[in-house]
There are 2 protein chains.
Amino acid sequence: MPARSAESAAGSPPREPPLLPPPHGEGLGLPPPLLFLPSRPSAGRRRQRAPHSWERGRGGKELTRREEGRKGSRPPPPLARPGGGAAAAGSRWGAGAGRDGTAMARTLVELFYDVVSPYSWLGFEVLCRYRHIWNIDLRFRPAFLGGIMQATGNKPPAMLPKRAEYMLKDVKRMAKYYQVPVQISKDDFQRITGTSSLGAMRFITAIDMTQPQYLEPLSREFWIRFWSKHEDIGQPENMLAVAGQAGLSSELSQKLLEMISSPAVKNRLKETTEEAIKYGAFGMPAVVAHFNGEHHLFFGSDRLELLGSVIVLQILMLAVLLMDETADRNVSQYS
Amino acid sequence: MPARSAESAAGSPPREPPLLPPPHGEGLGLPPPLLFLPSRPSAGRRRQRAPHSWERGRGGKELTRREEGRKGSRPPPPLARPGGGAAAAGSRWGAGAGRDGTAMARTLVELFYDVVSPYSWLGFEVLCRYRHIWNIDLRFRPAFLGGIMQATGNKPPAMLPKRAEYMLKDVKRMAKYYQVPVQISKDDFQRITGTSSLGAMRFITAIDMTQPQYLEPLSREFWIRFWSKHEDIGQPENMLAVAGQAGLSSELSQKLLEMISSPAVKNRLKETTEEAIKYGAFGMPAVVAHFNGEHHLFFGSDRLELLGSVIVLQILMLAVLLMDETADRNVSQYS
């Protein structure tokens, strides 16, 4: 597994806590696990395009944009800072850094996704919104849905006519609920069947291997192109266009395009896909949360309340540990 | 469609409201759609068995039990009162009755379920908890899952090995999260395949046709027997035992047992199943909410936050209408 911030991965949570807190943190004075805050702009991210209406802030204002020119060194968004981004950003609920300055272990949450999957987009955006609230170590794991389906013998859900009919409405409603601009119509099932996301996912894998700070905006732009605008993402020129939207220089984009036929990129995508399958995935999105020394698969974009309730419990456990530690220090200081 | 309280069905909500409110009623001062309150005891319901630990009240106390003897006329639980139960019970969020004493139209929500389905049990319990908070007209629609699967060509999800493996964990987690005592183990998938719920669902249909006030407790007892205790629900003596647990007299239970081979009961179950399919169901639970003059299918037990957000919007719309009406009256009274 290509771990980018191994030191914050597993941690040492207390033994045998109850798996889940009372639903929605009842009695604990906690907010409901899902607050559905609008997506926050990453601190140092530069945008080449005007923000979409759904990306506007809570008060209807546009997100702050820093237009310091297209080239030059770009500070990576918080996520990409190995092991410290979100903690440094300061979370309302997270313990952040300990008294001695060392970062406390955060729950590692991996999102396996493919941009051909609309539900993956929903999961991606919700996790992006909640990573600071839940103070999780969120890792994006671009994988290939086609490979997962083939390996597990799963069939696209829309192959059942009644389910396809339902999915049309479900995706629309879920997209509206989560405020993610997925556009879906009946033709989309044919469109998906006729589309291979292999090239796009290799392109995304290539950025993950070279400039991972672009992984999040690049993935989002692929979804916007394919699921909001209904435009092709398979042709080289279209991948370059997406890269431009995500703020990549044309040199970097061209380099990625060359990389997608390299064994290194192909193998990396294959390995990530196999890892998802090893975790038990049979479709996407597949969310894998690591706590209590185990991995826990949450399939789909409809188990995020459940994931949230587990994570909030982890935070509580860590807070209690920290309080104990502080109390011990105070006792030894004054006794 | 065997409508029991047609007058409270459709209503006349305003034209073209936005489909969904801001997520979780943000900015509206509303509580999050799902509060996961423990199940409340029905006012007049009598229990023949000791309540399970998961049915205890919030403070850990047992639910109030009224032990006024096993026989005699039993007041129906609020749900069974056509068109007025929940409104009369007084909901924190519901508009209840209008100023002139007429009940305001409530959103009709139908739950199509089969006791062989553990996710149906989750959906059933969550809707039971929320019907007063959402002030919905909740209708239980016992149907036959086998019939739906056959008609739509759907296969049990656990037939895919990886999905079966996942479902084991998912049902466990969801049951804990929702505080419903589903017990599931690997053998259960075989157990389901080897079980026909046809007899049980006909038995439940028979109570719906004769003494519908027992529909809720009887259905629950079937789930408890099959999914908590892992005991058979197909044999006549076992159906009688379940009926006894639900508080039915032995005369009534015996009558139901005779009814399950009658064409009337068989046809009613068939009709309900066909109705679910007509609404677009391809599995269970299938929740059908009626608003804006249309029906909206929510499949599974994992779209209830979404359903809640829609219903809360309906309540708001009705409240605004009521305020307008009151203002008009005041104007005409004093001018």
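With an a/c value of 1.5 or above and a/b larger than b/c for the gyration tensor axes a ≥ b ≥ c computed over the alpha-carbon atoms, the range B:231-289 is described as prolate.
Given a cut-off of 24 Å, name the pairs among A:K155/A:K186; B:K155/B:K278; B:K229/B:K270; A:K176/A:K229; B:K169/B:K229 whose C-alpha atoms lie farther apart than that in the structure shown. Pairs exceeding 24 Å: B:K229/B:K270. Each other copy places its own label point for B:P263 at 7.4 nm from this one, sorted shortest first, where the point lies 7 Å along the Cα-to-beta carbon line. The DSSP beta bridges internal to the range B:107-306 are antiparallel in roughly 65% of cases.
Copy-to-copy label distances for B:S332, where each label lies 7 Å from Cα along Cα-to-Cβ, are 7.9 nm in order of increasing length.
Each peptide among A:187-195, A:304-312 gets the average number of other Cβ atoms lying within 10 Å of its residues, and from highest to lowest they stand as A:304-312, A:187-195. Take each residue in B:321-327, count the other chain C-beta atoms within 10 Å of its C-beta, and the mean is 0. Remark: mean inter-chain Cβ contacts per residue of A:274-281 equal 1, using a 10 Å Cβ-Cβ cutoff to other protein chain atoms. Look at the stretch A:296-308: the mean tally of other chain Cβ atoms within 10 Å of its residues' Cβ atoms is 4.
Rounded, prolate or oblate: pick one for the range B:128-180, where a ≥ b ≥ c are the square roots of the eigenvalues of its C-alpha gyration tensor, a/c under 1.5 means rounded, and failing that, prolate if a/b is larger than b/c, else oblate. Here the range B:128-180 falls in the oblate category. Of the peptides A:283-289, A:256-262, B:175-181, the ranking by mean beta-carbon count within 10 Å, highest at the top, reads A:283-289, B:175-181, A:256-262.
If you average the sequence gap of Cα pairs under 8 Å that are 6 or more apart and divide by the length of the range A:107-306, what percent do you get for the contact order? For the range A:107-306, the relative contact order is 32 percent. Charges were assigned to the Cβ only: +1 to each Lys and Arg, -1 to each Asp and Glu. The resulting dipole of the range B:107-306 about its Cα centre is roughly 460 debye. Computed extension gain for A:M323 through A:A264, at 0.36 nm per residue and net of the alpha carbon distance, reaches 16.6 nm. Here the extension length gained between B:Q333 and B:A164 equals 54.3 nm, from 0.36 nm per residue of separation less the Cα-Cα distance. For the peptides B:127-138, A:319-330, the ranking by mean Cβ contacts within 10 Å, running from highest to lowest, is B:127-138, A:319-330. Legend: calculated FRET efficiency, A:K255 to A:H295, from the Cβ-Cβ distance at R0 = 45 Å, rounded to 0.05, equals 0.85. Shape call for the range A:107-306 from the C-alpha gyration tensor, a ≥ b ≥ c root eigenvalues: rounded (a/c under 1.5), prolate (a/b greater than b/c) or oblate? Because its axes are fairly even, with a/c under 1.5, the range A:107-306 counts as rounded. Averaging Cα coordinates gives a centre for the range B:255-313 and one for the range A:145-184; these two points are 22 Å apart.
Every number in this text was worked out from the coordinates using simple rules, so none of it is lab data. No experiment lies behind these values; they were computed from the predicted model shown. Every residue, glycine among them, receives a Cβ derived from its backbone with ideal geometry; neighbour counts consider all protein chains shown.
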